[in-house]
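The values are calculated or read from the model by the stated rules, or taken from the named source; none is laboratory data. Treat the numbers as computed from the prediction; the structure is a model and nothing was measured. Note: ideal-geometry Cβ built from the backbone for every residue, glycine included; neighbour counts use all protein chains shown. For the accessible areas, the whole protein counts, side chains as well, though only heavy atoms, and no ligand, DNA or RNA atoms are used. Shrake-Rupley method; radii C 1.70, N 1.55, O 1.52, S 1.80 Å.
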Amino acid sequence: EHKFWESQPVGQFKDVGDSSLPEGPIEQPTPLSEVKQEPYNLPELYEWTLCDMDSDEVCNEVYLLLMNNYVEDDDNLFRFNYTKEFLRWGLRPPGFYQNWHIGVRVKASKKLVAFITGIPVKMSVRGEVVRMAEVNFLCVHKKLRSKRLAPVMIKEVTRRIHLENIWQAAYTAGVLLPTPVATCQYWHRTLNPKKLIDIGFSRLGDRMTMSRTIKLYRLPTSTATPGLRKMELQDVLSVTRLLQNYLSRFVVAPTFDEDEVEHWLLPQENVVESYVVESPETHRITDFFSFYALPSSILNNPSYSTLKAAYSFYNVSTRTPLIQLFQDALVIAKQKDYDVFNALDVMDNEPLMKDLKFGQGDGQLYYYLYNYRLREALKPSELGLVLL
Ligand code: MYA
Ligand code: JJ1
């Protein structure tokens, strides 16, 4: 039963498989004057707050709320620990709305106890470009769970998005809700086997010793692709063209202009890393890969506190085989001391995983659209979208 989600314009479980329903928006936009002008009511003890991520103080409050209360794995061994620099990057892309960075405070103490965000994106869905929000970082303090605060927060972010005349959204979650547009799998490539086993992230395989495991996951110390280098500002136009062309192949994918590529892909130490292949002959950019840095706190371990994880972001190959690009990404992640390299089975990733010694994770990631129906669920390989 989903009392809240059943009241929302999303694909409903009862309609799965009903191909008589049309594709596209579920509800039509209403005139902006008819959008509720005042915030939704919170329980008496709480108040809305805008979170200015430019303020070190506020950014730190958000950081601490998420560090202590955000997403954990199924066995509660790890919790995402987004850094402050990462949160600033993820929440302030070109054209972002301050108003979509929404917090909830306790009136009396001003303590920040809940958070939800949106950022704007132009999403292509079957070739049609739709203005959407990406909603992320929904978090309610552990002590305030199951009090139906999340539906109020979702309605409030929806209202503020509507006020910008945007009527669709994309979001992902580790939980099954009505109704996914795709169900994706996490895959993990071990870089630091000993640590991963020590902290319970992975296990020694049957008939495997530690030294055989270390040898199994050993990587070359240098990259294989001639002309591979860190992406620079001067590469933005070439990368934008490569990415636009590549993403146009997918059923659902964002469209990035140059400003967005600069924001999302220009390297920022310990936040996002991007490498391009510049052809030694023509000096043209033929390929690139990128990954972002999302550490997790290791809960209750005496010897380690942080898991250093790299997440595959956007990759495009036109000359270099994708498998070689990915392998070079692994080599660089290893050089930068990441413990594990994670990827979803979206875009063209899946076929490479086995050869590159990725193993399937125990976590799924469901992708959703708000107020946009697709006739049937997509395969992960039809998705060209990675959220943070
Ligand atoms: S996904 C990451 C979500 N965060 C976490 O998992 C962190 C740890 N958990 C928590 O902080 C809480 O458990 C949360 C729920 C806050 C998740 N997405 O208040 P409640 C529904 C959507 O009593 P709590 C991310 O950030 C649940 O099915 N709905 O529950 C993307 C139930 O509804 P129904 C969720 O546990 C977020 C209701 O909430 C999720 O205290 C996208 C219960 O509320 C979830 N992850 O709090 C949000 N989890 O009765 C949607 C539970 O119907 C955006 N629920 O089953 C939609 C687009 C909006 C914009 C539209 C613009 C046009
Ligand atoms: O990280 C995840 N799983 C790991 C750790 C599992 C620990 C026990 N539960 C995992 N490890 C196995 C790796 C192994 C390496 C050698 C080869 C074989 C495999 O499977 C999972 C993803 O798999 N992560 C989570 O569960 C975190 C939550 C994921 C949902 C995120 C939702 C966020 C949405 C925000 O937009």
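Observations, loosely collected:
- In region 121-171, the residues that are open to solvent by 30 Å² or more (accessible area, probe 1.4 Å), more than 16 Å from ligand 2 (Cβ to nearest atom) and part of a strand (DSSP E or B): Lys122, Glu128, Val129, Arg131
- Per the listing Arg160, Arg189, the residue uniquely more than 30 Å from Lys308 (Cα to Cα) and not hydrophobic (A, V, I, L, M, F, W, C) is Arg160.
- Among the candidates Tyr372, Tyr367, residue that is open to solvent by 10 Å² or more (accessible area, probe 1.4 Å) and within 16 Å of ligand 1 (Cβ to nearest atom): Tyr372
- When residues of region 1-26 are limited to those that are within 20 Å of Met132 (Cβ to Cβ) and of a type in the set (Val, Ile, Thr), the one least open to solvent (accessible area, probe 1.4 Å): Val10
- Put simply, of Lys122, Lys107 the only residue that is closer than 24 Å to Leu163 by Cβ and not aliphatic (A, V, I, L, M) is Lys122.
- Qualifying residue in region 218-241 (condition: over 30 Å from Val10 (Cα atoms), open to solvent by 70 Å² or more (accessible area, probe 1.4 Å), within 16 Å of ligand 2 (Cβ to nearest atom) and in the same structural domain as Lys308 (by TED's automatic domain parsing)): yes
- Checking every residue in region 92-100 against the condition of being small (Gly, Ala, Ser), modelled with pLDDT of 95 or more and not in a strand (DSSP E or B) gives at least one match.
- Members of region 325-351 that are touching a helix residue (DSSP H, G or I) at 6+ places or on another chain (Cβ under 7 Å) and surrounded by fewer than 22 Cβ atoms within 10 Å (Cβ to Cβ): Asp348, Glu350
- Number of the exception - Arg249 against (1) of a type in the set (D, E, K, R); (2) part of a loop (DSSP other than H, G, I, E, B); (3) without any contact (Cβ under 8 Å) to a residue 60 or more places away in the chain: (3)
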